[in-house]
1. What helices (runs of 4 or more DSSP H) lie completely within segment 199-315 and have 1 or more residues being crowded, with 16+ Cβ neighbours inside 10 Å and within 16 Å of the ligand (Cβ to nearest atom)?
2. Just the residues that are assigned to a loop (DSSP other than H, G, I, E, B) and either modelled with pLDDT of 95 or more or under 24 Å from the mean Cα position of the chain (by Cα) (or both), please, taken from segment 316-336.
3. Quick one: what pairs do we get from segment 143-157, first residue closer than 16 Å to Gly183 by Cα, second part of a helix (DSSP H, G or I), C-beta under 6 Å, 6+ apart or different chains?
4. Could you say which residue among Val137, Val123, Val150, Val107 is aliphatic (A, V, I, L, M) and within 16 Å of the ligand (Cβ to nearest atom)?
5. Pull up segment 154-173, narrow it to residues that are among the polar types (S, T, N, Q) and buried (at least 19 other Cβ atoms within 10 Å of the Cβ), then point me to the one that is farthest from Ile72 (Cα to Cα).
6. Answer with yes or no whether Ala94 is within 16 Å of the ligand (Cβ to nearest atom) and in contact (Cβ under 8 Å) with a residue 12 or more places away in the chain.
7. Taking segment 27-80, which residues are more than 16 Å from the ligand (Cβ to nearest atom), of a type in the set (A, V, I, L, M) and either within 25 Å of Ile158 (Cα to Cα) or outside the structural domain of Gln227 (by TED's automatic domain parsing) (or both)?
8. Does segment 322-331 include one or more residues that are over 29 Å from Tyr18 (Cβ atoms), surrounded by fewer than 17 Cβ atoms within 10 Å (Cβ to Cβ) and either of a type in the set (D, E, K, R) or assigned by TED's automatic domain parsing to the domain that holds Leu104 (or both)?
Amino acid sequence: MEDQFSEKIQMVDLKKQYFKIKPAIDSAIQNCIDNTNFIKGPQVGHFESSLAKYLDVKHVVSCGNGTDALQISIMALGLKPGDEVIIPAFTYVATAEVIGLLGLTPVMIDVDPFTFNINSELVLEAITEKTKLVVPVHLFGQCAEMEGIVSHCYANEIAIVEDTAQAIGAKYIFDNGKAVSAGAMGDFGTTSFFPSKNLGCYGDGGAIYTNNSDLARKARMIANHGQEKKYIHDVIGINSRLDTIQATILNEKLSHLNTYIYNRQEAANYYDRELKGIDAIEIPFRTKKSTHAFHQYTLKVPAKSRDDFKEYLSRKGIPSMVYYPIPLNRQKAFYDIGRTVGDLSVTEDLCQRVISLPMHTELTEAELQYITKTIRAYFN
Ligand SMILES: *Cc1c(COP(=O)(O)O)cnc(C)c1O
């Protein structure tokens with residue numbers, strides 16, 4: 001039973017992760033407070049260059065959160081109201097929201113039934129003369145099929161912004177064998193340091209990556225009120241920054257990111273091994289074209305039993321989440337501004353069937369054993 005554990009099983013366990021690195025984190029935070037350089041302290045630039053090195057990209061521009069990162073990127077590309085942006089219908093709302101805020105038209109297309117990521121063949125079908133941008137989302141920690149997207153976009157002079165909020169540290173493997181970090185293939189990559197993300201800070205944070213120096217300069221300007229020199233405002237910008245305390249925490253946590261990803265992959269391997277024999281459920285598909293950072297471990301279960309199964313898990317002390325229950329095109333906010341292409345049947349099916357299990361860096365073997373045993377008991 002669940003009372004075999006000293007603490008309840010968590011969907012994401014940030015506390016245990018913190019306690020493992022507490023002395024380093026505490027002294028880094030105290031150091032910031034002692035220096036009172038809360039905004040634009042040297043740790044911010046230090047983190048940007050460490051992350052750029054980790055990802056092997058030329059520029060990282062930090063900002064306030066992952067949603068701002070998307071907005072700043074799209075502003076830097078200079079899109080005009082009415083321009084169309086192709087996005088997957090199965091994703092978090094932030095992706096579509098900033099498109100709407102900027103007066104652009106989100107064109108929502110279906111996803112791949114196995115990877116849950118934007119279907120690259122449908123991208124080609126959705127392109128019109130108004131299409132200026134595609135935003136693939138590397139959902140749940142695995143890269144979208146970028147080979148096709150990169151070639152369609154290149155041929156049609158369309159920009160790419162990769163939403164990497166869930167896949168920092170994942171790598172896409174091109175047909176020629178070249179492995180490139182998620183977020184480093186498009187004009188921009190964007191990410192979020194929301195606490196539960198794979199590289200999370202202790203509040204809000206985000207970043208933009210690019211290999212294009214001109215775009216990096218524009219993004220940095222837009223994030224800082226459209227100014228490069230103080231009180232000289234060349235474009236309309238916003239105020240979006242990563243504060244020094246968050247940067248100092250991220251500097252520390254970046255040095256553990258590979259271990260964090262490894263721990264998630266080990267937990268996923270355990271789940272795979274113990275759940276793959278159950279006929280009623282589908283374990284996460286792993287494409288050979290990407291490594292998987294396992295932001296989420298998401299099962300497909302029969303639609304008719306999904307909600308009952310979730311209830312059952314909850315009664316047994318096992319948290320779970322449905323990412324995402326409603327597709328973007330059926331959200332009222334997008335009725336008037338968006339457009340869909342095709343029937344979105346895969347997205348609809350996934351919304352009925354997906355369920356994500358506890359996934360974090362601190363799952364123990366005893367917890368994984370209990371979770372998988374409990375799941376097997378339900379389906380047998
Ligand atoms: C978390 C997330 C975002 C937004 O990040 P915030 O930091 O919460 O603004 C954007 N896109 C995806 C896919 C996300 O998972």
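1. On the way: elements: 213-223, 244-254, 257-275, 303-315.
Qualifying helices (runs of 4 or more DSSP H): 213-223, 244-254, 257-275.
2. Taking segment 316-336 first, the residues assigned to a loop (DSSP other than H, G, I, E, B) are 316-320, 322-327, 331, 335-336.
Hits for segment 316-336 are Lys316, Gly317, Ile318, Pro319, Ser320, Val322, Tyr323, Tyr324, Pro325, Ile326, Pro327, Gln331.
3. Pairs that qualify, where the first residue is closer than 16 Å to Gly183 by Cα and the partner is part of a helix (DSSP H, G or I), are Glu145/Ser120; Gly148/Ser120; Ile149/Ser120; Ile149/Val123.
4. Values: Val123 fails: within 16 Å of the ligand (Cβ to nearest atom); Val150 fails: within 16 Å of the ligand (Cβ to nearest atom); Val107 fails: within 16 Å of the ligand (Cβ to nearest atom).
Result of the check over Val137, Val123, Val150, Val107: Val137.
5. Narrowing segment 154-173 to residues among the polar types (S, T, N, Q): 156, 164, 166.
Of the ones still in play, those that are also buried (at least 19 other Cβ atoms within 10 Å of the Cβ) are 164, 166.
Numbers: Thr164: 14, Gln166: 18 Å.
My answer is Gln166.
6. Working: within 16 Å of the ligand (Cβ to nearest atom): yes; in contact (Cβ under 8 Å) with a residue 12 or more places away in the chain: yes.
It is true that Ala94 is within 16 Å of the ligand (Cβ to nearest atom) and in contact (Cβ under 8 Å) with a residue 12 or more places away in the chain.
7. Across segment 27-80, the qualifying residues are Ala52, Leu55, Val57, Ala76, Leu77, Leu79.
8. Yes - at least one qualifying residue is present in segment 322-331.
The values are calculated or read from the model by the stated rules, or taken from the named source; none is laboratory data. Just so you know, these numbers come straight off a predicted model, no measurement behind them. We place every Cβ from the backbone using ideal geometry, glycine too, and count neighbours over all the protein chains shown.
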